[in-house]
Amino acid sequence: MSTSHPLDAALQLQRQPPSQPDTGAAAGLLEISQGHTSPAYWNMVGPFGGTTAATCLQAVLQHPALLGEPLSLTVNYAGALAEGGFEVQAQPVRTNRSTQHWTISIVQRDAEGQPVVTTTATAVTAARRETWSVSDTPIPEVPAPESLERMHPPKGVAWIERYEMRPVTGVIPHTWDGRGDNSLSQLWMRDDPPRPLDFPALAALSDIFFPRVWLRRASRVPAGTVSITTYFHVGQAELAATGTGFVLGQARAQEFRNGFFDQTAQLWNQAGRLLVSTHQIVYFKE
């Protein structure tokens, strides 16, 4: 993998030799890779969650037993990744004629050298075939990205600088006065510097939205994703057609209650093709 782009460097995984010989029936089982956190995608207390999701997917995509392309990815953030090295474990637990089911874990060592699971994930890959298809979620009518101002967020959070964002509506509040009344955001986005879109980059973009509670309450309370599921609606051909172009993201919450809220989001390319839909659950504190 080329590491000339910051995202490629962040997703670089070194496959480790198998712990036991490949013996036919055991072929393509547990694959272990070594990675390292990237300062380019650092958040406030750990890596940007989008790159953690992308790392899980990258481990699946480089597995020698891979069937098809990503269909879904669920990532559960059990704890923050500490700065430094980590281990990714990816295993196809069942392979059918057209679908393949995966489990993934990210593990780090504690001060005593004991393994600690920071992230668990599941994924489904599939060999797609041409069928009747339609979209019931068309791209919203919004201004073109070139006509909008680029967002310049406050300095200090490295990962935000890795994306070019051009908001349509629902920007981060300028005044934290508790008077928010809506959780909808729409924005054009792409990697910075521009990079051809692929599945790991798409998984990362799916988590780019700031916490909906900040917008709905206009109050900057602590918040963090607990679990996110991303559904991929396109294959490699559509990603290649998107290239380095902008992607339109739309996100909103549906319920805030007892310390948690959800967020649903969609991402379209500039041609209007729905690329992914996502859903996540997020904790927040008063």
Just how large is the dipole of region 237-286 about the Cα centre, in debye to the nearest 20, putting +1 at every Lys and Arg Cβ and -1 at every Asp and Glu Cβ? 40
Listed residues SER72, SER98, SER206, most fluctuating in the chain (Gaussian network, C-alpha, under 10 Å): SER98
Bin width 5 Å, alpha-carbon pairs only: give the P(r) of region 128-286 as whole percents, running from 0 to the bin holding the largest distance. 2, 8, 18, 21, 21, 15, 9, 4, 1, 0, 0
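Can you put ASP207, ASP8 in order of Cβ neighbours within 10 angstrom, beginning with the fewest?
Ranking ASP207, ASP8 by Cβ neighbours within 10 Å, fewest first, gives ASP8, ASP207.
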Report the gain in length on full extension from ASP192 to THR137: 0.36 nm times residue separation, minus Cα-Cα distance, nm rounded to one decimal. 17.1 nm
Rounded to the nearest 0.05, FRET efficiency between LEU184 and GLU286 (Cβ-Cβ, R0 30 Å) equals 0.85
Which residue, GLY85, GLY180, GLY259, has the most motion in a Gaussian network model of the chain that connects Cα atoms within less than 10 Å? GLY259
For region 6-126, calculate the relative contact order in percent as a whole number, restricting contacts to Cα pairs under 8 Å that are 6 or more residues apart. 26
Kirkwood Rh in Å, taken over all unlike Cα pairs in region 6-126: 14.8
Please name which of TYR283, PRO154, LEU205 has its Cα lying farthest along the dipole of region 145-284 towards the positive end, using unit charges on Cβ (Lys, Arg +1; Asp, Glu -1) and the Cα centre as origin. TYR283
For the modelled label position 7 Å from the Cα of ARG273 along Cα-to-Cβ, which residues of region 191-235 have backbone nitrogen atoms closer than 18 Å? 191, 195-206, 231-235
What's the exposure ranking of PHE246, PHE232, PHE284, going from fewest to most Cβ atoms within 10 Å? PHE284, PHE246, PHE232
For the chain, modelled as a Gaussian network with Cα springs under 10 Å, which listed residue fluctuates most, ALA53, ALA65, ALA240? ALA240
Which value in nm describes the separation of the simple spin-label points at PHE210 and GLN34, placed 7 Å from the Cα toward the beta carbon? 3.8
Using only Cα atoms and rounding to the nearest 10 degrees, what angle (0 to 90) does helix 49-61 make with the longest principal axis of the chain? 30
Volume per residue of the C-alpha convex hull in the chain, rounded to whole Å³: 147
Using only alpha carbon pairs under 8 Å that are at least six residues apart, calculate the relative contact order of the chain and give it in whole percent. 17
Charge dipole (debye, nearest 20) of region 127-229; +1 at Cβ of Lys and Arg, -1 at Cβ of Asp and Glu: 340
Which of the peptides 219-229, 261-271, 112-122 is most tightly packed, and how do the rest follow, judged by the mean count of other Cβ atoms within 10 Å per residue? 261-271, 219-229, 112-122
Skipping prolines and chain starts, which residues have an amide H placed within reach, meaning under 5 Å, of the one on SER72, given they are 5 or more residues away or on another chain? VAL124, PHE232
Please label the shape of region 133-193 as rounded, prolate or oblate, based on the square roots a ≥ b ≥ c of the eigenvalues of the alpha-carbon gyration tensor (a/c under 1.5 means rounded; beyond that, a/b larger than b/c means prolate, else oblate). oblate
Proxy reagent accessibility, fewest Cβ within 10 Å first, across HIS63, HIS101, HIS174: HIS174, HIS101, HIS63
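Can you tell me the dipole magnitude for the chain around its Cα centre, using point charges on the Cβ only (Lys, Arg +1; Asp, Glu -1), in Debye to the nearest 20?
On the way: 21 positive and 25 negative charges, 74 e Å.
Charge dipole, the chain, about its Cα centre: 360 debye, nearest 20.
Laboratory data are not the source of any read-out in this text; all were calculated from the coordinates shown. Given the structure is predicted, the values throughout are model-derived calculations rather than measurements. Methodologically, a virtual Cβ is constructed for each residue, glycine included, from the backbone with ideal geometry; neighbour enumeration extends over all protein chains shown.
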